[in-house]
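The values are calculated or read from the model by the stated rules, or taken from the named source; none is laboratory data. None of these values were measured; they are calculated from a predicted model. Positions of Cβ are generated from backbone atoms using ideal geometry, with glycine treated the same way; all protein chains shown enter the neighbour counts.
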Amino acid sequence: MRSRIAVSVFVAAAALCGCGDGRKPIDFQAIIENAKEKVYPSLVYVKPIQEQFRSGERQRQEILGSGVIISEDGYVVTNSHVAEKAIQVHCVLGDKELVEADVIGLDPETDLALLKLKPRAKGPPLKYPLPYATFGDSNEVEAGQFVMALGSPFGFERSISLGIVSNTKRYIGFTGRYQYNLWLQTDAAINPGNSGGPLVDTTGTVIGINTLIVGGAGIGFAVPSNVVRDVVAKLKAAAAERTPGEKEPAKVKRAWTGLQLQALVDLKTTTLTDSKEGVLVQSVDKNSPAERAGVRNGDILLSVNDVAITGTYVENLPPIRVGLSELPVGEPARMVVRRAGREMSFTVTPALKGKFEGEDLDCRRWNMTVKEITKFSNPELFYLHPAGGVYVQGVRYPGNANDAGLRSNDIILKIDDRPIKTLSDVRGAYEKLTADEKRPEKKALVIIKRGVYRDWKTLNWTKDYLQED
């Protein structure tokens, strides 16, 4: 029904175009068909098998998503949340052929991933050059412009939904994620499985990659095509620098200063800063380059390397963050701030930003999974434990960790006599304690931090819940 209504609206709009001034009415249906024919051959149904750890044990799960071929040699763009933790990825092409793909790179901070279709080892070879879609200039997109969202929602056959661009510069980075770009907002239906598919204009040009929806609100968001092109280029460059045989997906390399920024006029928090220039330094990460240089919370950042900064509204923040992330790592940068009405200059030497997402570990005999704390994906836990470390990601029920009273988000400080600072520490303690199945006492003291308090738990693994299944 939604598509039928959308088509009716398009046709009505087309009928009005050119009427009353002697021009022929535009055949909008033909325009839609032409655009669809250009992009449909490059549309891909993406079927990864992911390893999930949140249930307290490692599990394999097949998920679904969409993607689009962007080059004749088989590069495919999709979402990071589709391809992350994938141990295998299959793609169904427009001709219904099933092809395996490698995950070349992931960028969770823009929710983009780059895949590469693999030549077939068996069966008929892929037919090169492959059909591919063309990116447009997302800076030229206007609100009210007709668009189509393509993909494979719910794992169905390829589909198309129609709508308009509602906003071309939507900011959704309030939670600490998605801080490096603005978004295209559309009312074209984006459903589960559409993630990673292209948002296309009426010329058949890709202007965005469908990514997010607001459930029940009919609001969808797409990563603008200019951001996609930039991230793809960076992932390709990072992949080219990998050592031979390295299997980990490439990541976008970003500089880290430790500056957390806020708009001068932040309507969400009703923060009004008395300045007409610069951007507010909301906070400075502990032990960061900016903190060591002397920058403080509440400073107004005016310029970086003599380039003036303007962060009046939240929509101004992503370009500033991108500029800071592209500062040369290890090279001093001059930052001018205003503090209590006085201008001050500091030399900040950016470091390489650490990994966004920490690694996982399945402590199968204990029926729990643990994960590294990072300042980027776990800011709340990092605030409680700024040295980093490891936390309980998931606890299986029923299970030994659950019986011991361990809970998700508990920070692990010590297991038996081993202090826990890294994931390797947990792995070493786990392997040592569970290696000897004839050991009479299958238990260990676990010291945790829950919130701001310490607690002691006795972890006993005499019971094998997995065998009971």
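Each row is one residue, and each column tells you yes or no for (1) buried (at least 18 other Cβ atoms within 10 Å of the Cβ); (2) farther than 26 Å from residue 219 by Cβ.
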| site | (1), (2) |
| --- | --- |
| 81 | yes, no |
| 90 | no, yes |
| 93 | yes, yes |
| 101 | yes, yes |
| 107 | yes, no |
| 110 | yes, no |
| 125 | no, yes |
| 128 | no, yes |
| 134 | no, yes |
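Screening 411, 373, 320 for residues that are at pLDDT below 95, of a type outside the set (Lys, Arg) and more than 26 Å from residue 87 (Cβ to Cβ) leaves exactly one candidate, 411.
Counting only residues that are loosely packed, with under 13 Cβ neighbours inside 10 Å and either of a type outside the set (Lys, Arg) or closer than 15 Å to residue 363 by Cα (or both), region 425-442 holds 6 of them. Against the conditions (1) in contact with a Phe, Trp or Tyr (Cβ under 6 Å, 6 or more places away or on another chain); (2) surrounded by fewer than 21 Cβ atoms within 10 Å (Cβ to Cβ), residue 364 satisfies every one except (1). Screening residue 434 on (1) touching a helix residue (DSSP H, G or I) at 6+ places or on another chain (Cβ under 7 Å); (2) modelled with pLDDT of 90 or more; (3) hydroxyl-bearing (Ser, Thr, Tyr); (4) over 29 Å from residue 258 (Cα atoms) shows it passes everything except condition (2).
Here is a check on your reading of the model: is residue 144 more than 19 Å from residue 42 (Cα to Cα), part of a loop (DSSP other than H, G, I, E, B), touching a strand residue (DSSP E or B) at 6+ places or on another chain (Cβ under 9 Å) and not hydroxyl-bearing (Ser, Thr, Tyr)? The answer is yes for residue 144. Within region 246-273, residues that are outside the structural domain of residue 107 (by TED's automatic domain parsing) reach partners that are among the hydroxyl-bearing types (Ser, Thr, Tyr) and part of a strand (DSSP E or B) with beta carbons closer than 7 Å, at six or more positions or on different chains, in the pairs 260/283; 262/271. Right, residue 164: among the hydrophobic types (A, V, I, L, M, F, W, C) and more than 22 Å from residue 82 (Cβ to Cβ) or not? Taking the combined requirement at face value, the residue satisfies it. The selection criterion, being outside any strand (DSSP E or B) and without any contact (Cβ under 8 Å) to a residue 40 or more places away in the chain, holds for residue 124.
Within region 59-69, if we keep just the residues that are buried (at least 19 other Cβ atoms within 10 Å of the Cβ) and out of contact with any Leu (no Cβ under 9 Å at 6 or more places or on another chain), the residue that is farthest from residue 125 (Cα to Cα) turns out to be 63. Only a single criterion out of (1) surrounded by fewer than 23 Cβ atoms within 10 Å (Cβ to Cβ); (2) more than 17 Å from residue 197 (Cβ to Cβ) is not satisfied by residue 56, namely (1).
The residues in region 147-159 that are closer than 22 Å to residue 113 by Cα, in contact (Cβ under 8 Å) with a residue 60 or more places away in the chain and part of a strand (DSSP E or B) can be counted, and the count is 4.
Could you look through region 237-257, keep only residues that are surrounded by 14 or more Cβ atoms within 10 Å (Cβ to Cβ) and of a type outside the set (Lys, Arg), and pick out the one that is farthest from residue 304 (Cα to Cα)? That would be 249. Those strands (runs of 3 or more DSSP E) of region 174-289 in which at least 2 residues are farther than 23 Å from residue 65 by Cα and over 16 Å from the mean Cα position of the chain (by Cα), considering only elements entirely within it, cover 259-262, 279-284. For the condition in a helix (DSSP H, G or I) and at pLDDT 95 or above, residue 139 qualifies. Looking only at residues in region 165-185 that are β-branched (Val, Ile, Thr) and modelled with pLDDT under 95, the one that is farthest from residue 381 (Cα to Cα) is 172.
If the condition is being within 14 Å of residue 350 (Cβ to Cβ) and not in a strand (DSSP E or B), then region 290-304 contributes 290, 291, 292, 293, 295. So for region 427-434 (the condition being among the β-branched types (Val, Ile, Thr) and in a helix (DSSP H, G or I)), does at least one residue qualify? For region 427-434, residues among the β-branched types (Val, Ile, Thr) and in a helix (DSSP H, G or I): present.
Just one of the numbered conditions (1) closer than 27 Å to residue 388 by Cα; (2) surrounded by fewer than 20 Cβ atoms within 10 Å (Cβ to Cβ); (3) in contact (Cβ under 8 Å) with a residue 24 or more places away in the chain is not true of residue 305: (1).
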